[in-house]
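The values are calculated or read from the model by the stated rules, or taken from the named source; none is laboratory data. Predicted, not measured: the structure shown is a model, and the values here were computed from it. We place every Cβ from the backbone using ideal geometry, glycine too, and count neighbours over all the protein chains shown.
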């Protein structure tokens with residue numbers, strides 16, 4: 001059974017393992033440095049649908065189907081699915097998964113949703129409340145721009161601190177297994193707010209929460225950054241990554257040697273016009289369920305920290321002049 005250690009971390013003792021995974025991305029993501037790891041993509045931004053929002057729902061359905069195929073399971077084999085996205089009322093998830101007949105537990109953690117869903121799924125499988133559970137999330141560049149900033153037709157110029165929302169989705173299936181990587185520990189983060197109000201500078205808003213969660217994990221587990229093969233943060237981009245590295249160093253933790261940020265991994269910033277990097281729920285989700293899992297399968301990774309970061313704003317809060325709170329959740333994935 002799971003046991004709590006320290007203030008914020010849960011150790012899982014029944015080996016909730018990753019038994020299946022899948023992802024899907026858009027054209028620009030496929031053209032990036034990790035393109036060869038994404039075996040499912042579409043050059044059509046609408047993925048054959050009539051709107052970008054319907055396209056995002058399609059993304060989640062494809063990602064879950066790919067994960068089920070990888071695990072050699074059907075929808076009937078899954079007890080629960082934890083899903084969320086960036087759209088109002090999480091319509092990307094509910095409309096995409098409504099025909100699957102799986103108990104759906106909707107989540108909103110903004111761009112932290114992949115690690116949040118994975119952490120909750122792990123706790124449920126570890127406790128025996130579920131034999132199998134899926135964590136899935138998505139984002140779409142066009143649907144996010146329409147909701148949070150300006151429709152693409154407006155032609156607004158973005159500052160260099162801005163990040164490009166990833167068009168993509170990732171799904172992870174957890175169950176019981178003796179050989180596959182498992183979730184060893186979960187640290188659920190706290191809301192942090194350093195007063196950032198610029199919706200085009202998400203990295204700066206999220207970086208303090210990433211530092212807070214990492215420090216909590218290291219304190220709770222009595223470990224150091226060097227104890228892990230890699231530390232992946234969600235989608236801080238160039239600006240947020242630099243802030244995170246400094247905040248951690250100020251607290252005595254040098255994570256630079258083994259840290260990488262999914263927002264920097266997704267695109268080639270020199271060749272692709274993405275400014276500070278990638279962002280969105282689908283950023284860390286698609287990289288986890290392709291590149292990172294491939295690194296486990298080829299024995300290049302054995303023990304990592306995977307942390308998704310989210311900015312908890314809404315169009316309403318932004319128009320009302322509110323600051324942008326951040327949240328980060330972390331899972332420790334390792335081989336036995």
- Note on the structure: Only unsatisfied item for residue 51, checking (1) crowded, with 19+ Cβ neighbours inside 10 Å; (2) out of contact with any helix residue (DSSP H, G or I) (no Cβ under 7 Å at 6 or more places or on another chain), is (1)
- Item | Exclusive hit being at positive phi and either touching a residue at least 40 places away in the same chain (Cβ under 8 Å) or not assigned by TED's automatic domain parsing to the domain that holds residue 200 (or both), set 280, 326 | 280
- Message: If residue 23 meets every condition in (1) at pLDDT 95 or above; (2) surrounded by fewer than 21 Cβ atoms within 10 Å (Cβ to Cβ) apart from one, which number is that one?
- Response: (2)
- Taking the stretch 267-281 and keeping residues over 19 Å from residue 209 (Cα atoms) and either in a helix (DSSP H, G or I) or touching a strand residue (DSSP E or B) at 6+ places or on another chain (Cβ under 6 Å) (or both) leaves 267, 274
- Looking at (1) closer than 29 Å to residue 326 by Cβ; (2) surrounded by 21 or more Cβ atoms within 10 Å (Cβ to Cβ), which is the only condition residue 61 fails? (1)
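Residue by residue, here is whether (1) under 22 Å from residue 211 (Cβ atoms); (2) modelled with pLDDT under 90; (3) in contact with a strand residue (DSSP E or B) (Cβ under 7 Å, 6 or more places away or on another chain) holds:
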{"residue": "289", "(1), (2), (3)": "no, no, yes"}
{"residue": "292", "(1), (2), (3)": "yes, no, yes"}
{"residue": "308", "(1), (2), (3)": "yes, no, yes"}
{"residue": "313", "(1), (2), (3)": "yes, yes, no"}
